[in-house]
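I have a structure here, written as structure tokens, and I will follow up with some questions on it.
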């Protein structure tokens, strides 16, 4: 059961090792952040800064939609980043302390870096906006597809992706190893269709093609790698105040050099989320809090280890 955190959160940090998790694309919903800003001037300030920096009302898009514009990756990525940062600003204002570790799922890795002091809110938002623009461009240059495969082990999915790539001569690979029994694949549409068929033949419990034409975390992002690398290199970065568990490395990162290398690799590499969470568990982390819209990452950690404490800070907004 997900705990509804005490307002000042002291209980959850008493003699516990904690990790804050920041969600990625798919966690958005119309209305996110709206109640938060009614109770937190710190959160309101984050949205105000984002509106000014982007030159349009991102806050209105988050609070009232329309959904069709919110889910456009160019808007979706800065919207989720900003909402997560607004939650983090509120958490700091009401007494949450820095955790022992932070981690973010795909896009969420940028939110984790901002929380760890690696990038400023403004620089992080600029980089995320650029990432969304470039990923959309890559999708237009090389349209692809993604699908979630449920009920197969990671090694089995890797094997069927390799088989599909060999059969079609086109790339498809694991994009997200979310938790045992839930793996997302990404790549060329024909290769992905072949992989889906192979997964069904292998006994997958369920296969769901995602409503997206961008093959994130796959070689189809290659056409924008150089442009994104330039954006990463131009972004000022500082040593992390607490370790950030990298999506690709699945280990703690702290220095600007290793973080830049991680972000550049992340665009075409899979998200090793299960391995990242297992690293945290092995390090003694027993409490996980999801900072941002939704509780998807808490559901993943439950599948990985049912015994850890799971905390949703935003659930107590307006209930001191």
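The values are calculated or read from the model by the stated rules, or taken from the named source; none is laboratory data. Because the structure is a prediction, the values reported are computed rather than measured. Cβ sites come from the backbone with ideal geometry, for glycine too, and all protein chains shown count toward neighbours.
Out of the strands (runs of 3 or more DSSP E) lying entirely within region 170-246, which hold 2 or more residues that are closer than 26 Å to residue 130 by Cα?
172-179, 182-187
Please determine, by comparing only the residues of region 1-29 that are touching a helix residue (DSSP H, G or I) at 6+ places or on another chain (Cβ under 9 Å) and over 16 Å from residue 314 (Cα atoms), which one is modelled with the lowest pLDDT.
26
Results for (1) farther than 29 Å from residue 137 by Cβ; (2) surrounded by fewer than 23 Cβ atoms within 10 Å (Cβ to Cβ); (3) out of contact with any helix residue (DSSP H, G or I) (no Cβ under 7 Å at 6 or more places or on another chain); (4) without any contact (Cβ under 8 Å) to a residue 60 or more places away in the chain, shown as yes or no for each residue.
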| position | (1), (2), (3), (4) |
| --- | --- |
| 251 | yes, yes, no, yes |
| 279 | yes, yes, yes, yes |
| 282 | yes, yes, yes, yes |
| 287 | yes, yes, no, no |
| 298 | yes, yes, yes, no |
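Restricting to region 189-211, give me the number of residues that are in contact with a strand residue (DSSP E or B) (Cβ under 7 Å, 6 or more places away or on another chain), over 10 Å from residue 170 (Cβ atoms), surrounded by 16 or more Cβ atoms within 10 Å (Cβ to Cβ) and without any contact (Cβ under 8 Å) to a residue 40 or more places away in the chain.
Of the residues in region 189-211, 0 are in contact with a strand residue (DSSP E or B) (Cβ under 7 Å, 6 or more places away or on another chain), over 10 Å from residue 170 (Cβ atoms), surrounded by 16 or more Cβ atoms within 10 Å (Cβ to Cβ) and without any contact (Cβ under 8 Å) to a residue 40 or more places away in the chain.
I'm checking my understanding of the structure. Among residues of region 212-249 that are surrounded by 13 or more Cβ atoms within 10 Å (Cβ to Cβ) and without any contact (Cβ under 8 Å) to a residue 60 or more places away in the chain, which one is nearest to residue 159 (Cα to Cα)?
219
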